[in-house]
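First up is the structure itself, then whatever we jot down about it.
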Amino acid sequence: MNREQRLAETFVELADTLIDDFDVIDFLQVLAARCVELLDVAAAGIMLADQGGSLMTVAASDERARLLELFEIQNDEGPCRDCYRQGAAVANVSLDGALERWPQFTPQALTAGFRSANALPLRLRSQVIGSLNLFHASVDGLDSAGLRVAQALADAATIGILQQRTIRRSDVVAGQLQAALTSRIIIEQAKGVLAERLQISTDSAFVVLRAAARSRNRLLSELAREVASGSADPAQLLRQVSMKDSEPR
């Protein structure tokens, strides 16, 4: 499948938000993974704003991006924060020259192996609900076509999230976003449990958790809660995922 076909398929995925068991976390995880695949970036992360307007990390393509975004939130500086507050893209910032702009974030990003960054707003008209971070291993960043594709992906995700919620009363939107942010905390706890019990990396733990949720037709957040509470057996989840992968296709 070529890039154009894969891009078209991705937009179809992002538009499919009218199902009853729509899962915001899984939806945004797909977006992060597709950004890495389609835009040739090293990593991607997504932040959403809670009811008080504070950003929280809800999806990341890998552990490097997740930890860097957590650092960005904790220190209240970085491209994603600037993008959200300004409601505008932060485009192709070379991290080699960004020390004065982001004195705490920049050294962490460089240590993680990133050389430049983009941040695109999750925005519909005047409503900004978060931002999409794209990290690059080189200083080249994205060309104008790549930036347009990245913003289109962010726009499609925003429309999908808000569209799904307008089916319900508008005054529950903030509450549902807050629930998604809370779910992410549970997912991180579950990743830690799986990583410790199975002696695997946190990235691999998330792969197991997500695959097990899909194979059981469960919400990612629901299964994560069971893992975190101890009511789901990590070894059993791993066996189930392994058996599913070994089935003939």
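The values are calculated or read from the model by the stated rules, or taken from the named source; none is laboratory data. Predicted model only: the values in this text are computed from it and were never measured. Neighbour counts run over all protein chains shown; Cβ positions are idealised from the backbone, glycine included. Note: accessible area is taken over every heavy atom of the protein model, side chains too, but ligands, DNA and RNA are not part of it. Shrake-Rupley method; radii C 1.70, N 1.55, O 1.52, S 1.80 Å.
Take the conditions surrounded by fewer than 16 Cβ atoms within 10 Å (Cβ to Cβ), free of Cβ contacts under 8 Å to residues at least 40 places away in the same chain and either β-branched (Val, Ile, Thr) or at negative phi (or both) and apply them to residue 85. Does it pass? When the stated conditions are applied, residue 85 passes them. In the set 108, 104, only one residue is more than 19 Å from residue 159 (Cβ to Cβ), modelled with pLDDT of 95 or more, open to solvent by 20 Å² or more (accessible area, probe 1.4 Å) and in contact with a Leu (Cβ under 9 Å, 6 or more places away or on another chain); that residue is 108.
Conditions (1) touching a strand residue (DSSP E or B) at 6+ places or on another chain (Cβ under 8 Å); (2) of a type outside the set (D, E, K, R); (3) at pLDDT below 90, marked per residue:
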{"position": "190", "(1), (2), (3)": "no, yes, no"}
{"position": "197", "(1), (2), (3)": "no, no, no"}
{"position": "209", "(1), (2), (3)": "no, yes, no"}
{"position": "216", "(1), (2), (3)": "no, no, yes"}
{"position": "219", "(1), (2), (3)": "no, yes, yes"}
{"position": "222", "(1), (2), (3)": "no, no, no"}
{"position": "239", "(1), (2), (3)": "no, no, yes"}
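Comparison of 114, 27, 71 shows that the only residue that is touching a His at 6+ places or on another chain (Cβ under 7 Å) and among the hydrophobic types (A, V, I, L, M, F, W, C) is 114.
Among the conditions (1) open to solvent by 30 Å² or more (accessible area, probe 1.4 Å); (2) at pLDDT below 95; (3) in contact with a Leu (Cβ under 6 Å, 6 or more places away or on another chain), residue 58 misses just one, which is (1). Let me spell it out: the conditions are (1) surrounded by fewer than 19 Cβ atoms within 10 Å (Cβ to Cβ); (2) on the phi < 0 side of the Ramachandran plot, and residue 76 meets all of them except one. Which number is the exception? The one condition residue 76 does not meet is (2). Residues that are open to solvent by less than 30 Å² (accessible area, probe 1.4 Å) and either among the β-branched types (Val, Ile, Thr) or in contact with a Cys (Cβ under 9 Å, 6 or more places away or on another chain) (or both) within region 22-42 comprise 24, 25, 30, 41, listed in sequence order. Selection of first residues in region 129-143 that are within 9 Å of residue 116 (Cβ to Cβ) and part of a strand (DSSP E or B) and of second residues that are open to solvent by 20 Å² or more (accessible area, probe 1.4 Å) and among the hydrophobic types (A, V, I, L, M, F, W, C), restricted to Cβ pairs under 7 Å at least 6 apart or on distinct chains, gives the following pairs, ordered by first then second residue: 135/42; 136/42.
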